[in-house]
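Asker: Just dropping this structure here.
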Ligand SMILES: [Zn+2]
């Protein structure tokens, strides 16, 4: 059986047979790989610890029929600080869930994306910057990797340059911000077409989200920041709220692109 070595982050798994697990991993060498970890559900087995989600391993894989087979695994990183903090853990599981869902599209840039993912997990583990702010920066960069970078500088309808006085909606289908004038125009058209007031409101809300100038500024800042300086624990409550609102806009946009809700963040709202 031919074998090869990869460096990979565990991003998901499911049970196989009595004691095995199939791991979904994002590898630097080949992008998404699914491989069987034999005996990973046997308590105390050596591979069980390596098979946990978010662990980074160096693996020797054998080519199998349906899935690859893990023949050796050496643990490289486990992110213990992340695992101690439920809030940060939820965001990191979200990174893994996004990678699992969209990872096939990242095969061509697997080495750079692998580094980006590991760096993003380390940043959460470091704990000096607010977890939600880090997640916002991650999510915007992630969209850039996928080629779904949202349009934040110009209105997606009229292409006019946006200013803080001209912000109205984030429109999910168009992937960016619609200015105040185009939003008013759209609403007028819908009324003219005979939409009832209730229908008009509900259908528009599903496709878009109202955003304030402050939320827009947080989006611009996060999109331009490789290291998110300035978004930390010392920010005013208004900034913290706007950052969280910006994160939710981008989360919803990603879910719109994915066609489903991400489970990892359901907990965050309840914390
Ligand atoms: Zn416009």
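The values are calculated or read from the model by the stated rules, or taken from the named source; none is laboratory data. These figures come from a predicted structure and were not determined experimentally. Every residue, glycine among them, receives a Cβ derived from its backbone with ideal geometry; neighbour counts consider all protein chains shown.
Asker: From 95, 113, 91, grab the single residue that is under 23 Å from residue 216 (Cβ atoms), assigned to a helix (DSSP H, G or I) and at pLDDT 95 or above.
Answerer: 91
Asker: Ok, one more. Here is a list of conditions, (1) within 19 Å of residue 105 (Cβ to Cβ); (2) assigned to a loop (DSSP other than H, G, I, E, B), and residue 42 meets all of them except one; can you say which number that is?
Answerer: Going through the list (1) within 19 Å of residue 105 (Cβ to Cβ); (2) assigned to a loop (DSSP other than H, G, I, E, B), residue 42 breaks only (1).
Asker: Name the pairs whose Cβ atoms lie under 7 Å apart, with the first residue in the range 140-157 and not assigned by TED's automatic domain parsing to the domain that holds residue 181, the second outside any helix (DSSP H, G or I) and within 16 Å of the ligand (Cβ to nearest atom), and 6 or more positions between them or separate chains?
Answerer: none
Asker: Please go through the range 65-78 and pick out each residue that is more than 12 Å from residue 23 (Cβ to Cβ) and either buried (at least 19 other Cβ atoms within 10 Å of the Cβ) or in contact with a strand residue (DSSP E or B) (Cβ under 7 Å, 6 or more places away or on another chain) (or both).
Answerer: 71, 72, 74, 75, 76, 77
Asker: If you don't mind, another one. List every residue pair whose Cβ atoms sit under 8 Å apart, with the two residues 6 or more apart in sequence or on different chains, where the first one lies in the range 22-43 and is closer than 11 Å to residue 8 by Cα and the second, anywhere, is surrounded by 18 or more Cβ atoms within 10 Å (Cβ to Cβ) and at pLDDT below 95.
Answerer: That search, which allows pairs on different chains as well, returns 23/40; 23/51.
Asker: So, one more: Which residue out of 98, 134, 121, 117 is closer than 24 Å to residue 150 by Cβ, in contact with a helix residue (DSSP H, G or I) (Cβ under 7 Å, 6 or more places away or on another chain) and assigned by TED's automatic domain parsing to the domain that holds residue 224?
Answerer: Just one listed residue meets the conditions, 134.
Asker: Would you check if residue 221 is more than 16 Å from the ligand (Cβ to nearest atom) and at pLDDT below 95?
Answerer: It is true that residue 221 is more than 16 Å from the ligand (Cβ to nearest atom) and at pLDDT below 95.
Asker: While we're here: From the list 180, 186, 193, exactly one residue is more than 15 Å from the ligand (Cβ to nearest atom) and at pLDDT below 95. Which is it?
Answerer: 193
Asker: What pairs come out if I take residues in the range 108-123 that are without any contact (Cβ under 8 Å) to a residue 12 or more places away in the chain and pair them with residues that are in a helix (DSSP H, G or I) whose C-beta lies under 7 Å away, six or more apart or interchain?
Answerer: That search, which allows pairs on different chains as well, returns 123/134.
Asker: Taking the range 153-167, which residues are in a loop (DSSP other than H, G, I, E, B) and within 10 Å of the ligand (Cβ to nearest atom)?
Answerer: 155, 156, 157, 158, 159, 160, 162, 166
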